[in-house]
1. Per q in 0.25 1/Å, what log10 I(q)/I(0) does a Debye calculation on the alpha-carbon atoms of the stretch 157-205 return?
2. What ratio of Cα Rg to 2.2 N^0.38 Å holds for the stretch 5-207?
3. Between residue 139 and residue 270, how high is the FRET efficiency from 1/(1 + (r/R0)^6) when r is the Cβ-Cβ distance and R₀ = 41 Å? Nearest 0.05.
4. On full extension of the chain, what length is gained from residue 97 through residue 185, given 0.36 nm per residue of separation minus the C-alpha to C-alpha distance?
5. Label 7 Å along Cα→Cβ of residue 169; the stretch 212-256 residues with amide nitrogen under 15 Å?
6. 7 Å from Cα along Cα→Cβ at both residue 227 and residue 193: what's the point-to-point distance in nm?
7. Starting from the exponent 0.38 and prefactor 2.2 Å, build the expected Rg for the stretch 85-188 from its residue count and divide its actual Cα Rg by it.
8. Roughly speaking, what is the stretch gain from residue 1 to residue 236, that is 0.36 nm per residue apart minus the C-alpha to C-alpha distance, in nm to one decimal?
Amino acid sequence: MIKDYKTAVKNIRKQLKEYIVDNGIKALVVGISGGIDSALTVVLAKEVCDELGISLIGRSITIETNKPDEIQRAEAIGKNFTSDFKEVDLTDGFKLLATLVTEQENNQEADDINSKIRRGNIKARTRMVYLYDLASKKRGMVLSTDNYTELLLGFWTLHGDVGDYGMIQNLWKTEVYEMSRYLAENMDAAPKKALLDCVTAVATDGLGITNSDLDQIGADSYEEVDQILLKLFDPEALDEFEKHPVIQRKFKSEFKRNNPYNIPRSDITTEDY
């Protein structure tokens with residue numbers, strides 16, 4: 001785990017600045033959910049965008065199941081840290097798209113967890129279409145808001161969550177929380193409150209699948225999740241936890257981390273494979 005957050009923040013911002021300059025990026029676009037991951041992403045990017053004089057564009061994209069407190073937190077982050085923020089309600093567009101692209105049994109959609117996940121995937125992909133179109137318009141790129149814990153758990157939507165550039169993709173979820181607390185220490189009252197409200201909020205994907213992320217993951221806290229996932233790097237300790245829902249989720253989601261899978265050329269051309 002990170003011990004020196006001052007250095008970590010400095011390095012993240014330095015890397016982002018160099019990437020923007022090297023690739024001629026004119027704007028950064030972020031989907032702001034009201035959760036800690038997108039909040040930290042925006043906070044990290046703000047200083048770099050201010051220094052380079054480019055836009056940091058934040059959009060709170062609500063679709064049917066987003067709760068009022070999530071929307072309020074997203075608005076507070078957007079107004080305190082971005083140069084261009086607004087809320088966009090895509091509920092009508094999502095409902096139309098869901099009707100067009102989903103195959104139903106007996107003309108009815110079962111109210112089960114699988115159906116909720118399917119609808120949640122469509123919501124995530126709808127939001128990403130909006131963000132990428134906006135980035136194209138502004139000659140910018142979409143920032144990813146995923147973290148390392150979610151990567152290992154497969155806790156994201158293929159073709160719906162991953163952006164162009166990930167500042168926190170290799171941070172454990174507990175490090176996301178700690179880095180946010182570190183950054184909040186020297187902030188003025190309003191931005192500090194906006195960020196800390198995201199730190200203390202119940203983590204949810206906003207897709208209406210369950211009441212919280214931890215309900216889906218099968219753990220009581222992200223501290224517990226990260227400590228269990230760390231067993232993956234210790235074969236002896238892993239034996240004891242191999243059947244735990246967190247570890248099982250990691251194993252069962254391997255295909256997502258290998259997406260898209262391409263048959264190796266050697267397997268295609270080798271005789272008697």
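Where a number appears in this text, it was derived from the coordinates with a stated rule and is not lab data. Remember, it's a predicted structure, so these values are computed and weren't measured experimentally. Counting neighbours? That spans all protein chains shown, and the Cβs are built from the backbone with ideal geometry, glycine included.
1. -1.03
2. On the way: Rg = 17.0 Å, N = 203, 2.2 N^0.38 = 16.6 Å.
This ratio for the stretch 5-207 stands at 1.03.
3. Working: r = 44 Å, r/R0 = 1.08.
Computed FRET efficiency for residue 139 and residue 270 comes out at 0.40.
4. Working: separation 88, 0.36 × 88 = 31.68 nm, distance 4.33 nm.
Contour length minus Cα-Cα distance gives 27.3 nm.
5. Counting backbone N atoms under 15 Å from the label point, the list is 256.
6. Inter-label distance under the simple model: 3.4 nm.
7. Values: Rg = 17.1 Å, N = 104, 2.2 N^0.38 = 12.8 Å.
Normalised Rg, Cα atoms only: 1.33.
8. Details: separation 235, 0.36 × 235 = 84.60 nm, distance 2.01 nm.
Working it through step by step, the gained length comes to 82.6 nm.
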